[in-house]
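To keep things clear, I will list the structure first and then write my remarks on it.
The values are calculated or read from the model by the stated rules, or taken from the named source; none is laboratory data. Keep in mind it's a predicted model, so treat the numbers as computed, not measured. Every residue, glycine as well, gets a Cβ built from its backbone with ideal geometry; the counts of neighbours run over all protein chains shown. The area values use the complete protein model at the heavy-atom level, side chains included, leaving out ligands, DNA and RNA. Shrake-Rupley method; radii C 1.70, N 1.55, O 1.52, S 1.80 Å.
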Amino acid sequence: MGTDILQLLAEEGQGANMKIALGVSGGIAAYKAAEIVRQLQERGARVQVIMTAAAQEFVRPLTFAALSGEKVITSMFSAGAEQPNLDSAVEHISVAQSLDALLVAPATADTIAKFAQGIANDFLSTLYLATKAPVIIAPAMNVNMWEHPATQANLDILRRRGVHIVEPGSGYLACGMVGAGRLAEPEQIVAATLEQLGMAQDLAGQTVLVTAGPTHEPIDPVRYLGNRSSGKMGYALAEAALRRAAKVILVSGPTALQPPAAAETIFVETAQQMRTAVLDRWERCDVIIMAAAVADFHVKSISPEKIKRNGAIELQLEPNADILADLGSLRHAAGKRTPVLIGFAAETQSLLENARDKLTRKLVDAIVVNDVSRPGIGFNSERNEVTIVTAGDAILVPEASKLDVAQRILDAALRIRQPHPAAAIFAD
Ligand code: PMT
């Protein structure tokens, strides 16, 4: 494949080049900001963490530096610098100018009060005054502090100024009391931030079906034919689609993984069961992604009793139906363009050639090909590197976590589903 047809999807990811400053103020919920950093990065954002002095009592700056890959700002002047210089003294201005959004999570009563009253006595409060980017705050505090008229009045001031407040949840608080004041879930905070940036949950209202894991084809009551798939790639796709607000149906072969709670999960064992589960549902799906490593054969006659070890045995294998190809044919026969059909290809050689062959033979929109002979990616690993092959393109997604790769596959599914407006005439 020539490099001219290679595009690094990371460069065109939805949140690519977006810079978010995450202010962390001092509360027991400060540790939850780590998960917020991770989720924002998954959407392609660069995250610059700013910690108040109190926040540093709860979490060390090193945690955020390691997670974000960026310097963590801990004071108005360069941390550790013996001679604070002009650069560090005006850093809040340069950070303010480079921001797409300022998110504060958790936001304490003190930080909210400073923002409301225009007090600028640390980096975060100074940055708030200096930036023109949208501001989102996620408060977290004791219920009495939350309900106090002073806090509520400060929040009103901020709301009127256009600051978006991610309301805290109710429940048991770290102080032992019960009531409002618990930091909203990281997913909610990230979703609110992306919404403020005009990046609404782009799979909302869409149903995404994902197959994951191996299939097990029984030989006798205790033995089966299987493969090395762990289900991690498929489960990552399910998780990624949920985070983008899709309704997710996960058809899972046998794995050791816990499915995402919000997905409708159908557990299957054999290729035939997987086929039935998928074909029963395909017509109500907008996107189907087959990441499962479906066994190509099943044993013709399954022994009802455990086969005894009396020398060599012969197993007669019959081919399984190709679920993906069946879906391609059904959709073709219906004369439809939905659901978007994306298959995987587990290859060890001639990756693109084999992927293109599967693309045309199975009548699908894209084949995600991975080199399963490469150590560290593919089967039963945390990471993957894939090329997304469509009729007109081959897009390399460089090695990344399976969740990041999943996000890029969903980006591709959306591009297929919502092609250039000029192509809308062909949509069904
Ligand atoms: O589960 P992990 O440990 O995370 O590993 C991920 C993975 C390596 C399994 C995954 O990335 C992957 O490559 N999945 C597809 C594996 C596979 O079966 O590839 P294939 O080239 O044999 O099949 C091509 C496509 O047809 C696949 O989408 C497959 O789901 C589908 N198929 C295959 C056979 C069959 N009888 N029915 C099918 O629908």
Exercise. Summarise the long-distance tail of P(r) for region 252-307 by giving the % of C-alpha pairs beyond 14 Å.
Key: 66 percent
Quiz item: Which peptide among 189-195, 347-353 comes first, and what is the full order, when sorted by highest mean count of other Cβ atoms within 10 Å?
Solution: 189-195, 347-353
Exercise. Counting only DSSP beta bridges with both residues in the chain, tell me the antiparallel percent, nearest 5.
Key: 30 percent
Exercise. Note the per residue figure in Å³ for the convex hull of the C-alpha positions in region 138-218.
Key: 151 Å³
Quiz item: Quick one: accessible area per residue over region 276-412, 1.4 Å probe, rounded to a whole number of Å²?
Solution: 50 Å²
Quiz item: Excluding ligands, DNA and RNA, what is the solvent-accessible area per residue of region 5-196 at a probe of 1.4 Å, expressed in Å²?
Solution: 46 Å²
Quiz item: How big is the chain by the Kirkwood estimate over distinct Cα pairs, in Å?
Solution: 24.1 Å
Exercise. Hand me the trypsin sites (Lys or Arg not before Pro) from region 180-252 located in a DSSP loop with no more than 16 other Cβ atoms within 10 Å, in residue order please.
Key: Arg223, Arg228
Practice problem: Find, among the trypsin sites (Lys or Arg not before Pro) in region 319-376, those assigned to loop by DSSP (not H, G, I, E, B) with at most 12 other beta-carbon atoms within 10 angstrom. | Solution: Lys336
Practice problem: Just the number, please: Stokes-Einstein D of region 26-172 in µm²/s, Kirkwood Rh from C-alpha pairs, 25 °C, 0.890 mPa s. | Solution: 155 µm²/s
Self-check item: Sequence-distant lysines (8 or more away, or on other chains) whose Cα lies within less than 21 Å of Lys402
Solution: Lys232, Lys247
Quiz prompt | Radius of gyration and maximum dimension Dmax of region 176-245, Cα, Å | solution = 19.5, 57
Exercise. Using amide H atoms built 1.01 Å from N in the peptide plane, name the residues 5+ places from Phe344, or on other chains, whose amide H lies under 5 Å from its own.
Key: Met290, Val368
Quiz prompt | Fraction of accessible area attributable to carbon and sulfur, the chain (%, probe 1.4 Å) | solution = 52 percent
Quiz item: Over region 148-305, with a single point scatterer placed on each C-alpha, what log10 of the ratio I(q)/I(0) does the Debye formula yield at q = 0.10, 0.13, 0.15, 0.16 1/Å?
Solution: -0.55, -0.75, -0.86, -0.92
Quiz item: Lys114: which lysines have alpha carbons under 23 Å from its alpha carbon, excluding same-chain residues fewer than 8 sequence positions away?
Solution: Lys32, Lys132
Exercise. Taking every pair of Cα atoms in region 207-426, average 1/r, invert it to obtain the Kirkwood radius, and report Rg/Rh to two decimals.
Key: 0.98
Quiz item: Can you pull the Kirkwood radius for region 139-183, inverse mean 1/r over Cα pairs, to one decimal in Å?
Solution: 10.8 Å
Quiz prompt | Rounded to the nearest 10 Å², the accessible area of Glu187 at probe 1.4 Å | solution = 90 Å²
